[in-house]
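The values are calculated or read from the model by the stated rules, or taken from the named source; none is laboratory data. Fair warning: this is a prediction, and the values are worked out from it, not measured in the lab. No Cβ is skipped: glycine too gets one built from the backbone with ideal geometry, and neighbour counts run over all protein chains shown.
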Amino acid sequence: MVFSDWYALIVGGLMILQWIFFIATGQVPELQTEPLRIAFHLVAEGMTAILLILSGIGLLRNRRWSRSLCLVAFGSLLYTMIVSPGYFAQLGQ
């Protein structure tokens, strides 16, 4: 499962970097206008990223629990891939 191991690690890391970049450059106006909604969104994305990173590390180390965690992480990623385009579409991007 080499591809899924690295895919989980890379996507999880990039998700975190993306949001750090957006927040640091002031590209998340919802922090001022809708702080509660964006906080829940950021927690969901952050949890997805952390699950992906943990499952990727576990898969690379051949841990028994990592396959189950990977399924949960990829399920979370699927949810994020469906919801996130709506966020950016709402911003007109």
* Only residues that are in a helix (DSSP H, G or I) and polar (S, T, N, Q): list them for segment 79-93, please. => Thr80, Ser84, Gln90
* So which helices (runs of 4 or more DSSP H) stay within segment 1-78 end to end and still have 3 or more residues that are in contact (Cβ under 8 Å) with a residue 12 or more places away in the chain and not small (Gly, Ala, Ser)? -> 2-24, 35-60
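One line per residue, one yes/no per condition, for (1) at pLDDT below 95; (2) surrounded by 11 or more Cβ atoms within 10 Å (Cβ to Cβ); (3) among the β-branched types (Val, Ile, Thr):
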| residue | (1), (2), (3) |
| --- | --- |
| Val11 | no, yes, yes |
| Ile16 | no, yes, yes |
| Ala24 | no, no, no |
| Pro29 | yes, no, no |
| Ile38 | yes, yes, yes |
| Leu52 | no, yes, no |
| Ser55 | no, yes, no |
| Cys70 | no, yes, no |
| Val83 | yes, yes, yes |
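Applying the selection to segment 19-50, what residues are among the charged types (D, E, K, R) and under 14 Å from Val83 (Cα atoms)?
Arg37, Glu45
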